[in-house]
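Please read the structure below before turning to the comments.
The values are calculated or read from the model by the stated rules, or taken from the named source; none is laboratory data. Fair warning: this is a prediction, and the values are worked out from it, not measured in the lab. Please note: Cβ atoms are built from the backbone with ideal geometry, for glycine as well, and neighbour counts cover all protein chains shown.
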Amino acid sequence: MATSNAPHIPPFRPRARTHFWNYPRPYRTGWKAWLPSWRFVVGVMLAGASTLGGVVMAAWINLPVPAAMAEVGNQSTIVYWSDGSKLGEIAAEKRQIVTPDEIGENWDLITGTLIASEDQTFRTNLGVDFVGIARSAVNNLRGGAQQGGSTLTQQYVETYLTGLNTGYDGKFREVILALKVAQEEDKDVILERYLNTIYFGRGAYGIEAGAQAYFGKSASKLDYNQVAFLVGIIPSPNQWDGTTDPEYSRSWVEGRWERSIGFMASEGVITADDAAAAKFPEPRKYTAGGAKSGQTGYLIEEVKRELKDPDGAALSEDDLLSDGYKIYTTLDKKMQAAATETGSSIPTTAPDAKVDKKPGKASKWLRSSVVTIDPANGAIRALYGGPDYANPFYQTNAATQDTSQAASTFKPFTLVAALDQGISMGQKYNGDSPQQIPGWSVLNKDTGQEEEIELGNFDHESFGQIDLADATKDSVNTVYAQLNVEVGPDATRQAAIDAGIPLSTDGPAQLANVLGTDNVTTLQLARAYATFAAQGVRTDPHLVKSVTTLDDEKRFATPIEEERVFDEEIMAGATYAMQQVVEDGSGVAAQELGRPVAGKTGSSNENKSAWFAGYTPQYATVVGLYQYDRNANTYRQIQSWGDYEAMGWPITGGTWPASAWTEYMQKVYQIHSELPIAEFPEYEYEPVMPSPSPTPTDQPETVQIPGGLSGRPWPDVQAELVALGLNPQPREVEGREGWDPNTVVRVHGEGQEVEVSSTVEVEITGAAEVGAAVPEVRGLDQRAAENELRRAGFGVDIQTQASEQPEGTVVEQNPGPGSQAGEGSTVTIWVSDGSLGEPSDGATCGVFGNQPCDEPSNEPTGEPSNEPGPGGGNGNGGG
């Protein structure tokens, strides 16, 4: 059978109508029937490209390059010590914008390192490295270490223009903006803005702040190792700045540094020899929150408050956070360190929050403060307000915000008011304790009525008739209360206001203000005593000396305004009286300074606050101490510690405050050893002598023992005989039926004429109060004699007589030494007025008349004076 070579033609079949979904494809079998045709693939790609192109074109047209974010222009305000070194910063973001010219030669080193490490094609790419993006995408898909692929231009868009971009839409927007920025902006401008914006960790934004934060120097001073370190940590500064996990950070940051060094060498930024000699640069130690730790926070906050004053620089915190300034302060760095050492020497620790929450557990908070002012211009040289501002328990400033009762540091204001009214420093007042002072009263809460009460001195000590200099020296409450009655409490208040303490003048002043019932800050009290130190010239205390822009253009300088508020002679008198406090009073600790010092101690009622306010002609310094119970929201008595507790001493102004003041001021004068020893103005005053009283020489030499004393009470008979100048000596005999105890049975020598001061025996029925022996006080000075008699339980009556003995020496007493007198009875002493001249040749001087007159006396004149404070009566105020 013959075969045909004609091709096989399949039979014609009409083509079926296709639908939208045409899979499986006809004429294909198996899996191939599900593959799209090349026409379909090309069509989809063209359509996608067209759509993408349209989206990109629309984005390009409708997405303008935004203006810089507001915060990237914020600059830190730098605060400086008086010596020009940096104290701290005021910043929302620590940043100081710098230019290439300001950085100088280092600019090429920094930018070269940045490009080598972060974007080697920066100078030539279009703002986006598509190859780098693709490479990082593949790497990320393969599970490798996460890579970003962002160029420096893209990072600039994030840090300077838009903030962090997340998600695909955000990254797409970033790419478009990077492409536009690369076309519109110069590459060098991008680098400059980027380096002033990028975050370096430790709160530092920009290369200048980063250089300061890690190495304490300007970016212009960095070496290539330090530049490599800073550039290396840019991708993750919070992870590598050493504040989270130091060991982890160290290992990684060294690796990042080595990476930077390698790129710098390969790109020609440094030589191969430089790379071989490279050494890891040790960054400065840093702790999170350290910007305001220690004293920095207290001082920065005070600077901010002062600058905010509308009558001063009128710079708000927003101004300081955004515009950037240089603030030059009056604070002496070394004096501040000495004040901090002194103020933090008290035994206090941060409270235990767990203990604090226990029911009924009273938390007590001992706080100290130190302020030093230059009286010549009001410059605050040191200000200690607490141990650590970073600790929230101590964020109130104990020197400028917290107040406590001023206590006896207010007495000098009453003294100034008295001198201004013509009252002599030599005027004498009764310093006995207790006393009922006219008008001295307290409110009875039960009745709502004012009730007069007795006022006492510290430790209930009596001083007899003393002048204002001695009353200041011993801080005698009863004398100063009488003085305030005389001058008027309004005058005391006005003197305090004139000195610089801002007291309210609403309503009449209270009589007790002389004892410091008003609350003051340490800074306010320091200002007032600086007015004393300036001999009556008041200035405004200030921390800020001047303000400039970061470009050193003058913005503000604190004016020095002086106002004379007290007469120089009055100030010389007040200073003289306060010098006595240091020379022989409650502030004697300050003698150790070895320079002329005037001052006043202060101990408030129940010792809730303690002060020493002192000054030399060059500095006025106040040391304060108080104890505040936060749980009870009240001040409490300061608890003794250390040697004070061991000796049973309460904490008063004459203890820790006076000692701390002295130790601190010794350091101050060691720091400023160039300051000469300066003297206060000379001052002399004439003691005001009381009117002459009858003296023993005016009295008859003999006296008759009265009769008719039998059957009378012993105390009455005793008083009558003493009044006659006799020394009654009681002797107990058997009682008579119906007679009361302590009744006189017989007086020996009734009706007889005897010499004055003779001893008279008196027989008394049983249970006689025979009293005590009168001590010998002849030859003592008046003050010592009074103390001796009062300690023995006797009252004292002081008379004056003309004598050749030194003024103030006791020349006679009645009853005589050894006489028995009832408790509480009065002993009269006659004190020499010295009016008959110096003792003749061969006479002796001294308290006991046992040393030549040309030798200074080194004998005691009575008991050592404890720090005066509250005692007796209501005790408001004290030494």
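Please specify each residue of region 512-532 satisfying the condition of being touching a Phe, Trp or Tyr at 6+ places or on another chain (Cβ under 6 Å) and closer than 26 Å to Glu452 by Cβ.
Val514, Gly516
Hey, any hits in region 713-723 for a residue that's in the same structural domain as Ala773 (by TED's automatic domain parsing) and part of a loop (DSSP other than H, G, I, E, B)?
Here is the first cut: in region 713-723, the residues in the same structural domain as Ala773 (by TED's automatic domain parsing) are 713-723.
If we keep only those that are part of a loop (DSSP other than H, G, I, E, B) as well, we get none.
No.
How many residues does region 702-721 contain that are under 13 Å from Glu753 (Cβ atoms) and touching a Leu at 6+ places or on another chain (Cβ under 8 Å)?
So the answer is 3.
Give region 590-608 a look and list any residue that's crowded, with 17+ Cβ neighbours inside 10 Å, closer than 28 Å to Gln670 by Cβ and in contact with an Asp or Glu (Cβ under 7 Å, 6 or more places away or on another chain), or say none.
If the condition is that a residue be crowded, with 17+ Cβ neighbours inside 10 Å, closer than 28 Å to Gln670 by Cβ and in contact with an Asp or Glu (Cβ under 7 Å, 6 or more places away or on another chain), then Thr601 is the only one that fits.
If only one of Phe566, Phe532, Phe556 is surrounded by 15 or more Cβ atoms within 10 Å (Cβ to Cβ), in a strand (DSSP E or B) and among the aromatic types (Phe, Trp, Tyr), which one is it? So that I can check it myself, show each step before the final result.
Details: Phe566 fails: in a strand (DSSP E or B); Phe532 fails: in a strand (DSSP E or B).
Only one candidate qualifies: Phe556.
For Ala398, only one of the following conditions fails: (1) touching a Lys or Arg at 6+ places or on another chain (Cβ under 8 Å); (2) assigned by TED's automatic domain parsing to the domain that holds Ala526. What is its number?
Among (1) touching a Lys or Arg at 6+ places or on another chain (Cβ under 8 Å); (2) assigned by TED's automatic domain parsing to the domain that holds Ala526, Ala398 violates only (2).
If only one of Thr521, Thr517, Thr492, Thr505 is free of Cβ contacts under 8 Å to residues at least 40 places away in the same chain and among the polar types (S, T, N, Q), which one is it? Even if it seems obvious, please write down each step before you answer.
Values: Thr521 fails: free of Cβ contacts under 8 Å to residues at least 40 places away in the same chain; Thr517 fails: free of Cβ contacts under 8 Å to residues at least 40 places away in the same chain; Thr492 fails: free of Cβ contacts under 8 Å to residues at least 40 places away in the same chain.
One residue alone meets the criteria, Thr505.
Please find, within region 271-304, the residue that is nearest to Lys94 (Cα to Cα) out of those that are touching a residue at least 60 places away in the same chain (Cβ under 8 Å) and outside any helix (DSSP H, G or I). Spell out the reasoning first.
Narrowing region 271-304 to residues touching a residue at least 60 places away in the same chain (Cβ under 8 Å): 281, 283-284, 286, 289-304.
Subset that is outside any helix (DSSP H, G or I): 281, 283-284, 286, 289, 293-295.
Values: Pro281: 22, Pro283: 18, Arg284: 17, Tyr286: 15, Gly289: 13, Ser293: 16, Gly294: 19, Gln295: 19 Å.
The extreme case among them is Gly289.
Restricting the search to region 457-495, which residues are within 29 Å of the chain's Cα centre (by Cα), among the hydrophobic types (A, V, I, L, M, F, W, C) and closer than 22 Å to Tyr683 by Cβ?
Ala495
Within region 575-589, is even one residue surrounded by fewer than 19 Cβ atoms within 10 Å (Cβ to Cβ) and at positive phi?
Looking through region 575-589, none of the residues is surrounded by fewer than 19 Cβ atoms within 10 Å (Cβ to Cβ) and at positive phi.
Hey, among Asp388, Asp420, Asp402, which residue is modelled with pLDDT of 95 or more and of a type outside the set (Gly, Ala, Ser)?
Answer to the selection: Asp420.
Only residues that are in a helix (DSSP H, G or I), at pLDDT 95 or above and buried (at least 17 other Cβ atoms within 10 Å of the Cβ): list them for region 668-712, please. Outline the logic, then answer.
From region 668-712, those in a helix (DSSP H, G or I) are 668-671, 696-698; that's our starting set.
Subsequent filtering for residues that are at pLDDT 95 or above retains 668-671.
Passing the criteria: Val668, Tyr669.
Somewhere in region 271-282, is a residue in contact with a strand residue (DSSP E or B) (Cβ under 7 Å, 6 or more places away or on another chain) and under 30 Å from Asn391 (Cα atoms)?
no
Residues are listed down the side, and each one gets a yes or a no for (1) surrounded by fewer than 23 Cβ atoms within 10 Å (Cβ to Cβ); (2) at pLDDT 90 or above; (3) of a type outside the set (Asp, Glu); (4) over 15 Å from Tyr160 (Cα atoms):
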site: Arg173; (1), (2), (3), (4): yes, no, yes, no
site: Val189; (1), (2), (3), (4): yes, no, yes, no
site: Ala211; (1), (2), (3), (4): no, yes, yes, yes
site: Trp240; (1), (2), (3), (4): no, no, yes, yes
site: Glu258; (1), (2), (3), (4): yes, yes, no, yes
site: Ser266; (1), (2), (3), (4): yes, yes, yes, yes
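Looking at region 61-101, which of its residues are aliphatic (A, V, I, L, M), modelled with pLDDT under 85 and in contact with a strand residue (DSSP E or B) (Cβ under 9 Å, 6 or more places away or on another chain)?
Residues satisfying the conditions are Val72, Ala91.
Can you give me the number of residues within region 79-123 that are in contact with an Asp or Glu (Cβ under 6 Å, 6 or more places away or on another chain) and of a type in the set (A, V, I, L, M)?
Selection size over region 79-123: 2.
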